[in-house]
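K.L.:
Supplied in structure tokens, the structure appears directly below.
The values are calculated or read from the model by the stated rules, or taken from the named source; none is laboratory data. A quick note: this is a predicted structure, and the numbers were derived from the prediction, not measured. Note: ideal-geometry Cβ built from the backbone for every residue, glycine included; neighbour counts use all protein chains shown.
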Amino acid sequence: MPKAPVSSAHLAAGASPALSEFEFGLILCSAAFGRWMTGCAAAAGQGGLSPTEVLVLHTVRHRDRPKRLAEIMRVQGIEDAHIARYAVRKLAAAGLVTLGRQGKEQTVTVTEAGLALCARYHELREALLTPASGQEEGRLREAAALLRALSGHYDQAARAAATI
């Protein structure tokens with residue numbers, strides 16, 4: 001049986017070759033997901049957005065209520081506030097979100113143009129991506145649970161590595 005592809009054979013030689021296979025798959029999937037988000041946003045009528053900007057827009061759209069920058073960063077796992085601020089400013093310049101205030105904190109709210117873009121993105125996702133994954137619903141749920149669990153392990157390992 002041929003070996004599964006890995007991006008770092010020296011890591012696959014350790015105690016868990018399957019972890020290296022998973023990480024390589026995650027690298028490929030992450031890059032493909034980024035291409036999907038920017039391509040779908042462009043097809044929906046808003047080219048030039050980065051994957052982070054698309055994710056921030058969807059986060060702001062979630063539940064149709066204003067979001068604080070800290071909330072956006074927490075949901076998206078963004079540690080550098082500059083990255084989130086840049087994304088919000090770019091979305092605001094494109095007319096997809098507006099900035100407001102809630103006490104001392106800045107808030108971000110999706111605009112009608114942002115709602116329309118999210119709706120068109122959803123339509124394209126349903127037409128182009130959902131049919132390909134529709135028969136895998138149970139496996140997708142299992143994979144999502146595994147990814148959430150592994151994200152905690154990676155976060156913990158990152159904290160441990162910072163103290164070495």
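K.L.:
Give the range 97-115 a look and list any residue that's more than 10 Å from Arg61 (Cα to Cα) and in contact (Cβ under 8 Å) with a residue 40 or more places away in the chain, or say none.
P.N.:
Hit for the range 97-115 is Thr107, nothing else.
K.L.:
Follow-up question, since we're still on this one. So which residues in the range 8-26 are surrounded by 14 or more Cβ atoms within 10 Å (Cβ to Cβ) and either farther than 18 Å from Ala144 by Cα or among the polar types (S, T, N, Q) (or both), if there are any at all?
P.N.:
Scanning the range 8-26 gives Leu11, Ala12, Pro17, Ser20.
K.L.:
Shifting gears a bit: Return the residue satisfying two criteria in turn: it lies in the range 27-41 and is within 25 Å of Glu71 (Cα to Cα) and hydrophobic (A, V, I, L, M, F, W, C), and of such residues it is surrounded by the most Cβ atoms within 10 Å (Cβ to Cβ).
P.N.:
Ala41
K.L.:
Can you tell which of Arg125, Arg141 is within 30 Å of Ala18 (Cβ to Cβ) and within 18 Å of the chain's Cα centre (by Cα)?
P.N.:
Residue meeting the stated conditions: Arg141.
K.L.:
Which residues, counting only those in the range 89-124, are among the basic types (Lys, Arg), out of contact with any strand residue (DSSP E or B) (no Cβ under 7 Å at 6 or more places or on another chain) and modelled with pLDDT under 95?
P.N.:
The answer is Lys104, and nothing else.
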